[in-house]
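In what follows, a single structure is set out as structure tokens and then discussed.
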Amino acid sequence: MPKMKTRRAAAKRFSVTGTGKYKRNKAFKSHILESKSPKRKRNLRKAAIITSHDHNRVSRMLPYA
């Protein structure tokens, strides 16, 4: 049986926490920042945990994570 390949795009976007959950960065922080409030931009800096619905999809993309 050959090795399974990791999806490199997913590997660059998700990381695994100590408890086995997947961490992601939030979107909408790249441009048009003048119209967004400082509070909103500050909260976009924080990482988020992916939803339970996406957990199976991400774990299939990252078989060795």
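Hey, can you tell me all the residues within segment 3-16 that are open to solvent by less than 100 Å² (accessible area, probe 1.4 Å) and over 11 Å from the mean Cα position of the chain (by Cα)?
Of everything in segment 3-16, just one residue is open to solvent by less than 100 Å² (accessible area, probe 1.4 Å) and over 11 Å from the mean Cα position of the chain (by Cα), namely T6.
Taking only segment 17-53 into account, find how many residues are under 17 Å from T6 (Cβ atoms) and either part of a loop (DSSP other than H, G, I, E, B) or open to solvent by less than 80 Å² (accessible area, probe 1.4 Å) (or both).
Just the residues of segment 17-53 that are under 17 Å from T6 (Cβ atoms), to begin with: 20, 22-24, 50.
If we keep only those that are either part of a loop (DSSP other than H, G, I, E, B) or open to solvent by less than 80 Å² (accessible area, probe 1.4 Å) (or both) too, we end up with 20, 22, 50.
Number of matching residues: 3.
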Log entry, pairs with first residue in segment 1-23 being free of Cβ contacts under 8 Å to residues at least 40 places away in the same chain, second being open to solvent by 50 Å² or more (accessible area, probe 1.4 Å) and assigned to a loop (DSSP other than H, G, I, E, B), beta carbons closer than 7 Å, six or more apart or on different chains, reads K23/A47
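The values are calculated or read from the model by the stated rules, or taken from the named source; none is laboratory data. For clarity, every value in this text was computed on a predicted model and none was experimentally measured. Every residue, glycine among them, receives a Cβ derived from its backbone with ideal geometry; neighbour counts consider all protein chains shown. The protein model used for the area step is the full one, side chains on, heavy atoms only, and it has no ligands, DNA or RNA in it. Shrake-Rupley method; radii C 1.70, N 1.55, O 1.52, S 1.80 Å.
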